[in-house]
1. Check each of the GluC sites (Glu not before Pro) in segment 177-236 and keep only those in coil by DSSP with at most 16 other C-beta atoms within 10 angstrom; list them in order.
2. Quick query: amide H of residue 106 versus all other amide H atoms, modeled in the peptide plane; which residues come in under 5 Å with a sequence gap of 5 or more or a different chain?
3. Run the paramagnetic zone check for residue 204: 7 angstrom along Cα to Cβ, then residues of segment 134-161 with backbone nitrogen under 19 Å.
4. Students often check this: by mean Cβ neighbours within 10 Å, which of 126-138, 152-164 ranks highest, and how do the rest follow?
5. How long are the semi-axes of the equivalent ellipsoid of segment 97-236, taking √(5λ) for every eigenvalue λ of the Cα gyration tensor, in whole Å from largest down?
6. Quick one: if you stick a label point 7 Å off each Cα along the C-beta vector at residue 141 and residue 212, how many nm between them?
7. Given 5 Å bins starting at zero, what is the percent of C-alpha pairs of segment 144-192 in each, up to the one with the largest pair distance?
8. Would you please report the Å³ per residue occupied by the convex hull of the alpha carbon atoms in segment 155-233?
Amino acid sequence: MAKKRAKKPAHRFRPEGRDALTAVQEGPVEQPKAAQETEVEAMEETSVAEHAREAAPPRPPRPLLNSFEALVDYERRSLSHVAGVPEQIEAPGLWRGIGFRVGERLFVSSIHEVNEILGMPANVTPVPATRNWLLGVANVRGNLIALVDLKHFLLDQRTHVSDRTRVLWVKQQGGGVGLLVDEVLGQRNLTDEQRVDAEGEGDERLARFVTENVTLGGTRLGMFSMVELTRASDFQQTAV
């Protein structure tokens, strides 16, 4: 009897051309064991990384700044890129303030005395039986502030509201007050050397609030104390 010849195992071959497309449609080609283990390890590492990101505490949000604080912060960060300027800004004896105009007079107050610079509020509610220079109260983002015509209080002249008119929001005991001024001039920096030749105030109406007058770039500026203003008895006495 003839012995049956054993069948040889079929050799695997890599399909090419049209046969390759047929093989892909029929199903994926079995991957080697080493490749499978590598893929499993990569999936485990990805899972661990995602778990670590989920377990990490969320970053605290950056505090929101009002418009005036944002302006100061932007200026500080901009100056940090200019060689030599940051050292000058933080140098001892450097005084920083906010310049503003009341009528024909130019003043500057410490940057720490002005909480914010606002536009003219759209709605101002008059308060009966009060001084003429108290225009009323306004709602600023949920805060009620008294609005004072600074020129009317200082010089007995009403301020004409225009596109340049601004309100200086100043803190005082018991709340805040908004001071209506003709114009804001921006930030002004003064050194001790520039204040050496400072002069006194000749106008008696302003002398109790203007500590000295300095000349900066050919412009005379009166250094106006918001603290003295808010402490003045006649400023606090708004009732008729």
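1. Working: sites: 183, 193, 199, 201, 204, 212, 228; in loops: 201, 204.
Those that pass, being in a loop and sparsely packed, are 204.
2. Under 5 Å from the amide H of residue 106 lie the amide H atoms of 222, each far enough along the sequence or on another chain.
3. Backbone N within reach: 153-157.
4. Values: 126-138: 15.2, 152-164: 13.5.
Per-residue mean Cβ counts within 10 Å order the peptides as 126-138, 152-164.
5. Working: eigenvalues 133, 48, 39 Å².
Gyration-tensor ellipsoid for segment 97-236: 26, 16, 14 Å.
6. 3.5 nm
7. Computed distribution, short to long bins: 5, 19, 23, 22, 17, 11, 4, 1.
8. Dividing the Cα hull volume of segment 155-233 by its residues yields 134 Å³.
Bear in mind that the values in this text are calculations on the coordinates, not laboratory data. Model, not experiment: these values are computed from the prediction. When we count neighbours, we look across all protein chains shown, and the Cβ atoms used for this are built from the backbone with ideal geometry, even at glycine.
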